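A quick write-up on the structure given underneath.
The values are calculated or read from the model by the stated rules, or taken from the named source; none is laboratory data. The model shown is predicted, which means the values in this text are computed figures rather than measured ones. Cβ placement follows ideal geometry from the backbone for every residue including glycine, while neighbour counts extend to all protein chains displayed. When the accessible area is computed, the model is the full protein with side chains, heavy atoms only, and any ligands, DNA or RNA have been set aside. Shrake-Rupley method; radii C 1.70, N 1.55, O 1.52, S 1.80 Å.
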Amino acid sequence: MFCSIQWRITTLLVLLTLGSIGFLGLYLVNSARDTQIDNLRAQLENEARLVAQASLPGLTDPETPDEPDNLAKTLEDEIGARVTIIALNGAVLGDSEEDPNLMENHADRPEVIDALASGLGESTRYSTTLGQQLMYLAVPVVTSQGDTVGVARVSLPLTTVEDVVGGVTRPIMAALGITAGLAVLAAALISRSISQPLKQVTGAARKIAEGELNHKIPVRSGDEVGQMARAFNEMSLSLKNLVAGISGERSKLAIILSSMADGVVMTDSEGNTTFANHAAERLFGFRADKARGRNFIEVVPDYEIAELLKKCLKTAREQTAQLEAGRGKRFLRVIALPLVGDRLTEALVLFQDLTELRNLQTMRRELVGNIAHELRTPLANIKAIVETIKDGSIDDKQMTRDFLTRVDGEVDRMTQIVAELTELSRIESGKAELKLEEIDLNLITREVVTQLTPFAERRGVAVDLEPAPDLPPVVADRERVRQVVTNLLHNALKFTPKGGRVVISSQVENGSATVSISDTGIGISQEDLPHVFERFYKADKARSGGGTGMGLAIAKHIIQAHGGTIRARSEARKGSTFSFSLPAK
């Protein structure tokens, strides 16, 4: 029975459905439990802070030593949680369920340690006193002068969460069970609808194998099954036409050779041209109809290629070479193939244009070199820091902490390089999804100016906004356009000295909305200006601090992905202007 494709499909679908439903059920149960625990944590934090405020007078007044314990026992009824008030030295001053004089010192409790260190401590563990799992949350008790005088802790059992999760789990499991049953039934029906047409195709294929080329399958639907039946009928007709038209294959081959992107030239055994396609015409600048009968060297005037053909005709073996030839000195791979039957009758010379591939390889080598250069410095710094720590500075905690901070910064830098490379690759390959909507460029520029105003004030640079009141809306991805404006404005602020000025303006140009960012900064030389939008390119040491050299490349590809243009104008020491235009709606 399980040899049948119907049952194999049914089994696979059932297993896949049950597995998916089981995973979904596990996810829902865990999600419900996590939500309840988060709610409990928030509740305990609020209650702990209330207890801290209430216990402050008792902790600061030495004449009321019993006040913390009385307060703890009073607050338990009001907030519904166990309350513990702890002194700075870990001594328990008050507890809502135990005698504080009989309780051990709590200075080593993790929630108490974290509360004194960071202002909030949390711990979940088994309580031997109550015999169940509890969640503890502690906060410091701080005076108005900022002095810490103790710790307030509240706790609740996790059984409440488990009860809620159990109540949610049962209906979820029931719903998933019903869904699984329906899925099994649907799988059986689907597999049957798939297998039946396959049986028809199998029977029809046997008839065609017996020679009935006119046999067809009835097409009863327009879905994939109907398309398969239609394709089978087309295949049957194609086989019939193939048998009837075998004599026309030579002309079809000539058409294929003529339409090839690679150049093809055929010669006889004497080296006279018998055929050339259009690609070869474009490479060497001759006309195919006038090339027939002429010697190969006259059609392809290149000594190295002619020698390659002669060697092929002489040895009756394939010959290959890579060289620069043709109009514009294209980089070509030349392959000379002998066409041998009973004897050598013809030769075929194939020209593959590898110019673009070589350019891409050059770009790849440059990219790898740039990446290696960018990663070399942070890696060297990390290695030096690690070696310093190994050589003995690990005993100096402050120095080790400083070194680890530097390592963290270098790792962040490498992470930024990888993230920007990934983003640039997605945009260049067209895999980055654009969430298009109607946007106002003036509004986006105002938001970016507001965001970067603190940075501009720290740099001592004035920022002026000059929006065009009649600027039309554009259809674009809001966040990616905002990323472009942020990048250009940040660069302008970064490379403008103190006392300088940056102007962001907008205008309408030839049916497009244009945003320009001008600065009075250090500028870019004319020889560097054409390269500023290339990845990893940095004009000079003055403009290379702190960045990865990919921000402008990302901005360029984002604008181009929207059908817009981006450009730069600058002179060294006279400031720069970066502008981009997007088609108006």
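Quote the accessible area belonging to V475 in square angstrom, nearest 10, computed with a 1.4 Å probe and with ligands, DNA and RNA left uncounted.
Using a 1.4 Å probe on the heavy atoms, I get roughly 70 Å².
Counting pairwise Cα distances across the stretch 81-128, what percent come out greater than 12 angstrom?
It works out to 65 percent of all Cα pairs.
Please give every one of the aspartates and glutamates within straight-line cross-link reach of K494, meaning a C-alpha to C-alpha distance under 13 Å, and leave out same-chain neighbours fewer than 8 residues apart.
E457, D519
Using a 1.4 angstrom probe on the protein heavy atoms only, could you order D38, D391, D477, D108 from most to least accessible area?
On the way: D38 80, D391 135, D477 10, D108 105 Å².
So the residues, ranked largest to smallest area, are D391, D108, D38, D477.
Residue by residue, what Karplus-based ³J(HN,Hα) values in Hz, rounded to whole numbers, does the stretch 64-76 have, using 6.51, -1.76 and 1.60 with θ = phi - 60° and x for Gly and Pro?
Each residue's phi maps through the Karplus curve to give 10, x, 8, 4, x, 5, 5, 5, 4, 6, 6, 6, 4 Hz.
Residues with amide H under 5 Å of A276's amide H, sequence separation 5 or more or different chain, H placed in the peptide plane at 1.01 Å from N; which?
Sorted by chain and number, the residues that satisfy this are M266.
Could you state, as a whole-number percent, how many of the C-alpha pairs of the stretch 55-156 are farther apart than 22 Å?
Looking at the stretch 55-156, the distances longer than 22 Å represent 22 percent of pairs.
Full extension from S258 to S118: what is 0.36 nm times the residue separation minus their Cα-Cα distance, to one decimal in nm?
Difference between extended and current length: 42.7 nm.
Between N39 and D412, 0.36 nm times their residue separation minus their Cα-Cα distance comes to what? Let's see the in-between values first.
Working: separation 373, 0.36 × 373 = 134.28 nm, distance 3.33 nm.
Here the answer is 130.9 nm.
Given R₀ = 30 Å, what would the calculated FRET efficiency be for R569 paired with L436, taking r from the Cβ atoms and rounding to 0.05? Each step should come with its number before you reach the end.
On the way: r = 29 Å, r/R0 = 0.97.
For R0 = 30 Å, the calculated efficiency reads 0.55.
Length gain on complete extension for the stretch L344 to R401, per 0.36 nm per residue less the alpha carbon to alpha carbon distance?
Contour length minus the Cα-Cα distance gives 12.6 nm.
At 7 Å along the Cα-to-beta-carbon direction for both L189 and L354, put a label point, then send me their distance in nm to one decimal.
5.9
Direction-averaged shadow area of the convex hull around the Cα atoms of the stretch 432-499, nm²?
5.0
Calculate how large, on average over all directions, the projected area of the Cα convex hull of the stretch 1-85 is; give the answer in nm² to one decimal.
8.1
Taking θ as phi - 60°, what are the ³J(HN,Hα) couplings along the stretch 513-522 by the Karplus curve (6.51, -1.76, 1.60), each to the nearest whole Hz, with x for Gly and Pro?
Working through the residues one at a time gives 8, 10, 10, 10, 10, 10, 9, 10, x, 7 Hz.
Once the whole set of protein chains is in place, how much accessible area is left on S123, using a 1.4 Å probe, in Å² to the nearest 10?
Accessible area of S123: about 20 Å².
Can you compute the modelled spin-label distance between Q322 and K585, with each label point 7 Å from Cα toward Cβ, in nm?
My value for the distance between the label points is 5.2 nm.
Cross-link partners among lysines for K207, C-alpha distance below 22 Å, same-chain residues fewer than 8 apart left out?
Partners found: K199, K216, K240.
If E356, E270, E307 are ordered by their accessible area, calculated over protein heavy atoms with a 1.4 Å probe, which sequence runs from highest to lowest?
E270, E356, E307
Largest first, what is the accessible-area ranking of K329, K498, K574 with a 1.4 Å probe?
The most accessible residue leads, giving K498, K574, K329.
Using amide H atoms built in the peptide plane, which far-off residues or other-chain residues are under 5 Å from V83 H to H?
S96, E97
Given a Förster radius of 45 Å and the C-beta distance between E307 and S425 as r, what FRET efficiency does 1/(1 + (r/R0)^6) yield to the nearest 0.05?
The computed FRET efficiency comes out at 0.55.
What FRET efficiency comes out for R365 versus D528 if R0 is 22 angstrom and r is the Cβ-Cβ distance? Round to the nearest 0.05. It would help to have the intermediate numbers written out before the result.
On the way: r = 21 Å, r/R0 = 0.97.
The formula returns an efficiency of 0.55 here.
Which ³J(HN,Hα) values in Hz, rounded to whole numbers, follow from the phi angles of the stretch 566-576 under the Karplus curve 6.51 cos²θ - 1.76 cosθ + 1.60, where θ = phi - 60° and Gly and Pro get x?
Result, rounded to whole Hz: 9, 8, 9, 10, 6, 9, 4, 6, 10, x, 9.
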